[in-house]
1. Please report the base-10 log of the normalised intensity I(q)/I(0) for segment 110-223, using a Debye sum with one equal scatterer per alpha carbon and no solvent, at each q in 0.17, 0.18, 0.20 (1/Å).
2. Taking a threshold of 28 Å on the Cα-Cα distance, which of the pairs 163/187; 112/216; 124/149; 122/216; 23/149 fall above it?
3. Where the eigenvalues come from the Cα gyration tensor of the chain, what are the semi-axes √(5λ) of the equivalent ellipsoid, largest first, in whole Å?
4. Treating only the Cβ atoms of Lys and Arg (+1) and Asp and Glu (-1) as charged, compute the dipole magnitude of the chain about its Cα centre; round to the nearest 20 debye.
5. What net charge is computed for the residues neighbouring residue 211, neighbours being all others with C-beta under 13 Å from the C-beta of residue 211, Lys and Arg scored +1, Asp and Glu -1?
6. Could you look at the chain and say what percent of its accessible area is carbon and sulfur, using a 1.4 Å probe and all protein chains?
7. Taking amide hydrogens as modeled 1.01 Å from N in the peptide plane, which residues meet the under 5 Å criterion relative to residue 63, leaving out close sequence neighbours?
8. Under the rule of at least 5 residues apart or a separate chain, name every residue whose amide H is placed under 5 Å from the amide H of residue 71.
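The values are calculated or read from the model by the stated rules, or taken from the named source; none is laboratory data. Fair warning: this is a prediction, and the values are worked out from it, not measured in the lab. Here the Cβ positions follow ideal geometry from the backbone for every residue, glycine too, while neighbour counts run over all protein chains shown. Heads up: the accessible areas ignore ligands, DNA and RNA and are worked out on the full protein's heavy atoms, side chains in. Shrake-Rupley method; radii C 1.70, N 1.55, O 1.52, S 1.80 Å.
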Amino acid sequence: MSIKINVPDHILYEDSSIIVINKPCSLMVEPDRNGHPNLLQQVQKYERSLHPKSKEVYIQHVHRLDRPVSGIVLFARKKSVLKNLSEQFATRQVKKYYQALTETSPTTKEGKLENYLWKDKKNKQAVIVDPSHTDAEKVLLDYIITPFKNNFQLWNIRLHTGKYHQIRAQLAASGCSILGDALYGSKFEYAPNSIALHASTLHFKHPQTGDAIEIKANPLWLI
């Protein structure tokens with residue numbers, strides 16, 4: 001089951017244009033056909049509570065995180081703001097950083113992973129494939145790995161492309177499944193509907209002022 005949150009407890013930043021939420025693991029960002037609790041509807045309810053006399057209140061997420069992933073989710077409070085931020089994401093002006101825990105690590109502790117990814121819609125999984133594969137998309141991330149407690153490995157990741165399950169699939173393909181990510185080979189029990197992957201930092205330009213904005217949120221294992 002997805003979960004419900006007290007939205008104000010998870011707000012990282014807000015102004016008249018945007019609101020930034022630190023999403024916990026196991027909460028879906030948008031509605032599904034089963035009607036489970038989701039972040040969008042909960043933020044919409046919060047927004048309506050701020051403007052009880054308004055007939056129409058606009059709020060929309062600009063990007064998504066997988067249900068088992070925690071971290072930063074950016075919302076727009078105006079359609080013009082959504083357009084501006086969506087263009088920033090589409091043109092890769094936004095810088096996205098993640099942190100992850102794995103049981104193992106590659107020999108090279110700092111470098112990049114460059115692969116070709118195919119979305120297997122039937123099995124709802126990303127597959128690393130040969131570049132010649134039909135519908136394959138190039139994916140790229142940079143990483144630095146440091147030792148962590150309990151012999152785990154802490155990955156600090158700069159995501160350059162942001163495709164479906166990209167980090168999960170690329171780390172698994174390198175022999176380093178994320179803790180709790182059974183879909184990609186992890187044998188470690190982390191938490192229900194949760195994996196040790198967190199969207200930790202987001203850099204973007206404010207859609208109205210043009211100022212550089214940096215939002216940070218530590219994962220639970222670093223708090």
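1. -0.94, -1.03, -1.18
2. Long pairs (Cα-Cα over 28 Å): 124/149; 122/216.
3. One finds semi-axes of 30, 19, 18 Å for the chain.
4. 520 debye
5. Net local charge, residue 211 excluded: -1.
6. Roughly 48 percent, rounded to a whole number.
7. 74
8. Here 23, 199 satisfy the definition.
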